[in-house]
Amino acid sequence: MGRITIFTMDNSPNCIRTKRELKDRGIPFLEISLTKHPNKRNDMLSLSDKLTVPQMFINSAYVGGLSQTLKVLKSWERAGSNPHEVYESLVAAASDPTDPRLQPSTDPPIVSLPPPPREMKVISIPSGKEGHPNQKMMSVLEMTELLKTIIPRKDLRYNLTSYRKSFRGSDFVDGLMKHFQIKREEAVDFAGKLQKDHQILHHVCKDHDFKDTRSLYFRLQCDQTPLVLNSYRIWTERVDPDAMSLLRRLKKQLGKILKTHTDADGKVNYKEAANHVDFPAFEEAVCELQAVDFENMEYNLKLAFSINLYN
């Protein structure tokens, strides 16, 4: 008998909604998970010429993604019939698709291995006044998030150029002194370490060391331009040698965040997701991609990595 086949990925809001729309109407389908069987991605690409998911097929006929699937279902409902009955007469009554690309994978599902141990880089915190409850050590993530709250960042102009989310060197020192309750010379020394040792801040044109002055503008690494996702920090820690396993972990991490901000129609509120308490940790984690040796990847791995990264 005929069937509906859907190529999906775990935690994809559009895939989740597509499957729910079919289930709510009592319409069965065969799911081919590209998360569990990434070897089927080339089959999906050759059949649909699309990189995104979901991709749905009715028997051997290509339908498309979520919006095209909804159009088909609504057309079945407009006909005045029960969608399940339409499925039985138009789809199930036909022959099974014979194209091997529409068949489930016979390989065992991919199991993500735990990441290699990470020796997190830490930052020594100025001691401050006696009795001040400072932490002695902080991670790059913790320090970045702290600086975002204690340092006023605004668009500063120099001649005809505007530097977004920047601050003057002297204002940065003032913020460190107030928060950590340290002397000015200690704050200047700590700011220099944040720039040179940890690369958390930079001169806006990256051509000056930190100075306690109003005439030089600086910016946190997480605010650097151009605005790309994996620029939250400069990655200097260990790198997972299994690039595909790294991508799967990042997708799972992001999927958990997006799931909490996805409505009943499968629409994601990305602004709210960006403010999720776990989003900064994802922003940092994705910076590990900076150190992936893409250039020396074998061709098929490079292709699979690129497609997965795109999705």
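Taken over the stretch 44-55, the residue count meeting the criterion of being touching a Ser or Thr at 6+ places or on another chain (Cβ under 6 Å) and not in a loop (DSSP other than H, G, I, E, B) is 1. Taken together, the residues in the stretch 2-31 that are part of a helix (DSSP H, G or I), in contact (Cβ under 8 Å) with a residue 60 or more places away in the chain and aliphatic (A, V, I, L, M) amount to 1. Looking only at residues in the stretch 174-232 that are hydrophobic (A, V, I, L, M, F, W, C) and over 17 Å from I151 (Cα atoms), which one is modelled with the lowest pLDDT? Restricting to residues being hydrophobic (A, V, I, L, M, F, W, C) and over 17 Å from I151 (Cα atoms), the top hit is L227. Taking R41 as the residue in question, decide whether it is over 23 Å from D107 (Cα atoms) and assigned to a helix (DSSP H, G or I). Taking the combined requirement at face value, the residue does not satisfy it. Is at least one residue of the stretch 180-189 open to solvent by less than 30 Å² (accessible area, probe 1.4 Å), closer than 17 Å to Y158 by Cβ and in a loop (DSSP other than H, G, I, E, B)? Checking the stretch 180-189: not a single residue is open to solvent by less than 30 Å² (accessible area, probe 1.4 Å), closer than 17 Å to Y158 by Cβ and in a loop (DSSP other than H, G, I, E, B). Residues that are open to solvent by less than 80 Å² (accessible area, probe 1.4 Å) and within 15 Å of D240 (Cα to Cα) within the stretch 282-300 comprise E284, A285, V286, C287, E288, L289, Q290, A291, V292, M297, listed in sequence order.
T161 satisfies every condition listed in (1) exposed (fewer than 14 other Cβ atoms within 10 Å of the Cβ); (2) among the hydroxyl-bearing types (S, T, Y); (3) under 24 Å from I234 (Cα atoms) except (3).
Counting the residues of the stretch 245-267 that are in contact (Cβ under 8 Å) with a residue 40 or more places away in the chain, out of contact with any Lys or Arg (no Cβ under 6 Å at 6 or more places or on another chain) and crowded, with 16+ Cβ neighbours inside 10 Å gives 10.
Inspect the stretch 160-179 for any residue being outside any loop (DSSP other than H, G, I, E, B), on the phi > 0 side of the Ramachandran plot and not β-branched (V, I, T) and give the result as yes or no. Within the stretch 160-179 (the criterion being outside any loop (DSSP other than H, G, I, E, B), on the phi > 0 side of the Ramachandran plot and not β-branched (V, I, T)), the answer is yes, since at least one residue qualifies.
Yes/no matrix, rows are residues, columns are (1) surrounded by fewer than 16 Cβ atoms within 10 Å (Cβ to Cβ); (2) touching a residue at least 40 places away in the same chain (Cβ under 8 Å); (3) in contact with a Phe, Trp or Tyr (Cβ under 9 Å, 6 or more places away or on another chain):
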| site | (1), (2), (3) |
| --- | --- |
| S33 | no, yes, yes |
| S46 | yes, yes, no |
| A61 | yes, no, no |
| G65 | no, yes, no |
| T69 | no, yes, no |
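Residue-by-condition table, conditions (1) in contact with a strand residue (DSSP E or B) (Cβ under 7 Å, 6 or more places away or on another chain); (2) modelled with pLDDT of 90 or more:
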position	(1), (2)
L102	yes, yes
T106	no, yes
S112	no, no
P115	no, no
E119	no, no
P133	no, no
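Residues that are free of Cβ contacts under 8 Å to residues at least 40 places away in the same chain, touching a helix residue (DSSP H, G or I) at 6+ places or on another chain (Cβ under 9 Å) and of a type in the set (D, E, K, R) within the stretch 141-178 comprise D174, K178, listed in sequence order.
Which condition from (1) among the hydrophobic types (A, V, I, L, M, F, W, C); (2) surrounded by 12 or more Cβ atoms within 10 Å (Cβ to Cβ); (3) touching a residue at least 12 places away in the same chain (Cβ under 8 Å); (4) over 30 Å from P280 (Cβ atoms) is the one that A93 breaks? If we test A93 against (1) among the hydrophobic types (A, V, I, L, M, F, W, C); (2) surrounded by 12 or more Cβ atoms within 10 Å (Cβ to Cβ); (3) touching a residue at least 12 places away in the same chain (Cβ under 8 Å); (4) over 30 Å from P280 (Cβ atoms), just (2) comes out false. The set of residues in the stretch 145-156 that are touching a strand residue (DSSP E or B) at 6+ places or on another chain (Cβ under 9 Å) and either open to solvent by less than 80 Å² (accessible area, probe 1.4 Å) or modelled with pLDDT under 95 (or both) comprises L146, L147, K148, I151, R153, L156. In the stretch 192-218, the residue that is farthest from V122 (Cα to Cα) out of those that are of a type in the set (K, R) and either touching a residue at least 40 places away in the same chain (Cβ under 8 Å) or outside any loop (DSSP other than H, G, I, E, B) (or both) is R214.
Taking the stretch 121-131 as the search range and keeping residues that are modelled with pLDDT of 85 or more and either among the acidic types (D, E) or surrounded by fewer than 16 Cβ atoms within 10 Å (Cβ to Cβ) (or both), which one is farthest from the chain's Cα centre (by Cα)?
If we take residues in the stretch 121-131 being modelled with pLDDT of 85 or more and either among the acidic types (D, E) or surrounded by fewer than 16 Cβ atoms within 10 Å (Cβ to Cβ) (or both), then S124 is farthest from the chain's Cα centre (by Cα).
The values are calculated or read from the model by the stated rules, or taken from the named source; none is laboratory data. The shown structure was predicted, so the numbers you read here are calculated from the model rather than taken from an experiment. For neighbour counting, all protein chains shown are included, and Cβ atoms are generated from backbone atoms with ideal geometry for every residue, glycine included. These area figures cover heavy atoms from the full protein model, side chains too; ligands, DNA and RNA do not enter into them. Shrake-Rupley method; radii C 1.70, N 1.55, O 1.52, S 1.80 Å.
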